[in-house]
Structure formats: structure tokens, C-alpha cells
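K.L.:
The structure's right below; bear with me while I get my questions together.
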Ligand code: F3S
């Protein structure tokens with residue numbers, strides 16, 4: 001792997017121990033995956049933030065690092081709403097450790113914006129062809145597929161290393177040849193809203209880490225693509241997909257349809273909604289916002305909850321920036337008794353573990369809530385989720 005003189009010096013420890021460790025990680029990954037060199041990246045999104053997932057060992061590791069990141073960098077969701085963790089019934093000891101993690105990242109120059117939808121942040125947007133080092137799997141999928149930027153599914157340490165060095169190793173989805181479709185998925189029915197999450201849940205399980213090329217009956221909007229990518233990244237390990245005539249690389253290239261193909265029918269989508277883990281009457285929490293809600297989603301939820309009162313715990317997860325930019329939507333939603341929860345989510349917070357059963361409108365949450373929180377989970381579209389929330 002070719003390294004510049006500056007990179008060699010960094011590797012020799014001439015710029016301190018933290019940068020030495022960081023470039024060692026990047027070079028090791030590059031050598032494993034056959035990278036020819038390091039390439040500059042425009043931004044980093046760093047996972048490994050919730051105290052629930054990284055614990056004391058993670059806190060200690062981050063606290064031992066020194067220096068400043070070289071590119072704009074933000075964090076993945078933390079284990080709690082950083083401003084109002086009491087409304088989530090978070091243990092004070094957990095809250096203390098969580099704040100320490102955020103402070104340790106901030107000391108490195110990383111923005112404490114904790115979100116899995118960094119593409120909604122002002123000034124952080126990625127463009128077609130940009131090289132990035134993002135780590136949250138749904139954000140990676142969105143960046144690669146919907147924006148046409150280029151990032152691997154970075155782990156927390158490798159995204160942090162890329163942020164400190166300002167570069168990443170040139171392999172995987174940074175290269176043209178890795179971005180070609182490997183499986184053709186023909187969807188034979190019309191879909192809307194969370195149906196795309198159900199589709200992603202089915203396809204991800206089958207294609208693993210392949211690159212699906214979809215032929216759809218209609219044209220999904222970016223929020224529907226967000227649901228599709230998030231679900232495939234969770235039930236499988238899909239980091240990039242294309243939709244004929246919709247996503248930018250499928251518009252710019254005449255992709256040859258891969259030999260491997262699969263067909264999806266309406267009955268398969270319906271089955272995801274009908275799967276039950278326990279009695280639906282057990283549902284005592286409804287969560288929306290996986291991935292974090294956009295302003296448009298908040299607006300729809302506010303409309304659906306207008307003049308209504310929720311009779312269950314309801315979390316609407318979003319980034320603090322989106323919430324701060326739309327205080328009227330937050331007020332309107334919270335008037336119903338639902339909670340707008342920022343900086344965190346139903347999966348990475350320990351606060352959801354005490355509930356009996358959850359209803360979600362996300363194929364990703366449908367995969368992770370049962371496995372990471374131990375809570376049986378139902379799938380419904382946003383209309384069903386809100387109906388269930390206000391049911392007497
Ligand atoms: Fe985001 Fe949490 Fe879902 S990080 S994609 S809301 S599991």
C-alpha cells in the first residue's frame with residue numbers, strides 16, 4: 001500500500017500516539033482489503049456512542065485519545081436524550097457515563113450531534129461522488145444509494161480513525177467495480193411508506209451483503225428509500241442498492257441485470273405486517289423514527305395526532321437539530337402526550353427494555369428491537385402506529 005511521506009511520518013509516531021494508532025487502523029484495514037492508498041474523506045459519522053453498547057471499556061478507550069479531528073464529524077445516536085434523559089426514566093449512573101462519552105468525543109473536536117440521519121444536518125450534507133467515512137448502517141446505505149456518495153460500513157474505531165487522519169483506505173464501495181449490482185430484485189406490486197421497510201426486511205435476509213438492483217412498480221420518495229436501505233442493512237448487511245430510474249447511479253449507468261434474481265409479491269409484504277410475537281394487546285410502547293425522523297415525517301405525525309391524546313408510551317425519535325428547527329411540530333406532537341426524543345433511539349437506549357411489546361413502522365427496528373432489547377415487536381405503517389397509540 002502506497003503511503004505519502006506525511007503518512008509514513010504519522011505511522012512512525014511523529015505526530016503523536018493517537019494519530020499513530022489511528023493511521024495504523026486505516027493501514028491495517030487497507031492491507032486486509034487490498035487498498036492501493038489512503039484517500040481524503042469529506043466527513044465522518046462515528047458509531048460506538050451509547051453507553052449501552054460500548055460500556056466502560058469504550059469510554060476508557062475514547063478518553064485516552066488526544067488531538068483533533070481533521071474533517072467535519074458527528075456521532076451516532078447515544079443511549080438517551082442528552083438534554084432530557086429523565087423523561088426516558090434513565091438511571092442517573094447511566095446518564096453520567098453517557099455524558100462522559102459525549103465529552104470525550106467533543107474533546108476530539110467531534111460535534112455532539114447524535115443522529116443516524118446526518119444527511120439532514122445543515123452544513124453536513126454529502127454529494128454525489130463524495131468519499132465519506134460513515135458508520136451507522138442506514139446512513140451508509142442512504143449515502144451510497146440515495147446520494148451516490150461513497151463509504152464503506154465503517155466500524156466506530158475506523159470511522160474515528162478516518163476523522164482524525166482525514167482519510168480512509170481506498171477499497172470496497174470507494175471503487176467503481178464494487179458498486180455494480182449483484183442481484184436483480186423485481187417487485188411485482190405497488191408499495192408505499194413502511195412497505196419499503198417490509199421489502200428491505202425480506203430482501204436483506206436473502207441477499208446478505210450483496211448489491212441489489214430493484215425494478216419497482218412506482219417511484220419511491222427519499223423517505224421510502226431511507227426505510228428500504230435501513231431494513232436491508234439490518235436484516236442483511238446491504239450497504240448499497242440501486243433502484244432503476246430512481247437512484248443516481250442507476251440513472252447514470254446502464255447496469256446489466258445480474259443473473260441472480262428474485263421476485264417479490266404483495267403476499268410477502270403483507271406477511272411482515274401479520275407476523276406476531278405475542279398478543280397485540282401487550283403493546284405498551286410505540287416508537288417511530290428509525291432512522292431518525294425528517295421534518296416532513298414530524299409534520300405528518302403532528303397532523304395525525306392533532307386533537308388526540310395518546311394512551312400509551314409513544315416515542316418519536318429524531319435529531320436535536322431537526323427538532324430545534326421545528327419547535328412548533330415538537331409542541332404539537334407533545335400536546336398529545338407523545339414524547340419527541342432526540343439524540344437517541346428505541347434500539348440503542350436501555351430505556352425500552354422494560355416494556356412488554358413494541359409497535360414500530362421500521363424494518364430495521366423490527367430486526368433489532370427483539371434482538372438488542374429483548375422486546376417482542378409488531379410492524380405497522382405510520383397510520384396504524386398512531387391509531388394504536390390513541391386507542392382507548
Ligand atoms: Fe437510527 Fe437507531 Fe434505527 S440508530 S437507524 S433509529 S436503530
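K.L.:
Cα centroid distance between the stretch 120-139 and the stretch 150-227, in Å?
P.N.:
The distance from the Cα centre of the stretch 120-139 to that of the stretch 150-227 comes to 13 Å.
K.L.:
What does the C-alpha gyration tensor say about the overall shape of the chain? Classify as rounded when a/c is under 1.5, otherwise prolate if a/b is larger than b/c, or oblate.
P.N.:
Numbers: a/c = 2.02, a/b = 1.21, b/c = 1.66.
In terms of gyration-tensor shape, oblate.
K.L.:
Can you pull the one-decimal nm distance between simple spin-label points at residue 303 and residue 356, each 7 Å off the Cα toward Cβ?
P.N.:
A separation of 3.4 nm, rounded to one decimal place.
K.L.:
Could you give the nm distance between label points at residue 221 and residue 259, where each point is 7 Å from its Cα heading toward the beta carbon?
P.N.:
4.1 nm
K.L.:
Which whole-number percent gives the relative contact order of the chain, counting Cα pairs below 8 Å spaced six or more residues apart? Intermediate results must be reported in sequence, preceding the final value.
P.N.:
On the way: 864 pairs, mean separation 68.2, N = 392.
Taking the mean separation of contacting Cα pairs over the length of the chain, I get 17 percent.
K.L.:
Which value in deg cm²/dmol, rounded to the nearest 500, describes the helix-derived mean residue ellipticity at 222 nm for the chain, given -39,500 (n - 2.57) per DSSP H run of n ≥ 4 and division by the residue count?
P.N.:
Values: 15 runs with 150 residues, N = 392.
About -11000 deg cm²/dmol.
K.L.:
In terms of the Cα gyration tensor, with a ≥ b ≥ c the square roots of its eigenvalues, is the stretch 180-273 rounded because a/c is under 1.5, prolate because a/b exceeds b/c, or oblate?
P.N.:
Details: a/c = 1.42, a/b = 1.27, b/c = 1.12.
Rounded shape, in that the Cα axes give a/c under 1.5.
K.L.:
Determine, for 174, 242, the number of other Cβ atoms within 10 Å of each Cβ, and report the residues in order from fewest to most.
P.N.:
Least to most surrounded, the residues fall as 174, 242.
K.L.:
Using 0.36 nm per residue, how much length does the chain from residue 61 to residue 106 gain when fully extended, once their Cα-Cα distance is taken away?
P.N.:
On the way: separation 45, 0.36 × 45 = 16.20 nm, distance 1.41 nm.
Using 0.36 nm per residue and subtracting the Cα-Cα distance, I get 14.8 nm.
K.L.:
If you take the beta carbon distance between residue 4 and residue 237 as r and set R0 to 35 Å, what does 1/(1 + (r/R0)^6) give as a FRET efficiency, to the nearest 0.05? Mind showing how you got there, number by number?
P.N.:
Details: r = 32 Å, r/R0 = 0.92.
Computed FRET efficiency for residue 4 and residue 237: 0.65.
K.L.:
Hey, another quick one. For a test of the definition: using alpha carbon positions, the gyration tensor, and the 1.5 limit on a/c, classify the stretch 5-176 as rounded, prolate or oblate. Provide the component values of the computation, followed by the final result.
P.N.:
Details: a/c = 2.18, a/b = 1.34, b/c = 1.63.
Judged from the Cα gyration tensor, the stretch 5-176 comes out oblate (a/c at least 1.5, b/c at or above a/b).
K.L.:
Could you tell me how far the Cα centroid of the stretch 347-392 sits from the Cα centroid of the stretch 63-102, in Å?
P.N.:
23 Å
K.L.:
Let me have the relative contact order for the stretch 180-273, percent, based on Cα pairs under 8 Å that are six or more residues apart.
P.N.:
On the way: 178 pairs, mean separation 39.4, N = 94.
Computed value for the stretch 180-273: 42 percent relative contact order.
K.L.:
Counting only DSSP beta bridges with both residues in the stretch 250-392, tell me the antiparallel percent, nearest 5. Intermediate values should be presented prior to the final figure.
P.N.:
Numbers: 0 of 16 bridges.
Of the beta bridges lying entirely in the stretch 250-392, close to 0 percent run antiparallel.
K.L.:
Rounded to the nearest 5, what is the percent of antiparallel bridges among the DSSP beta bridges in the chain?
P.N.:
Numbers: 3 of 37 bridges.
Looking only at bridges with both residues in the chain, the antiparallel portion is about 10 percent.
Readers should treat all values here as calculations from the given coordinates under stated rules, not as data from a laboratory. These figures come from a predicted structure and were not determined experimentally. Positions of Cβ are backbone-derived with ideal geometry, glycine not excepted, and every protein chain shown enters the neighbour counts.
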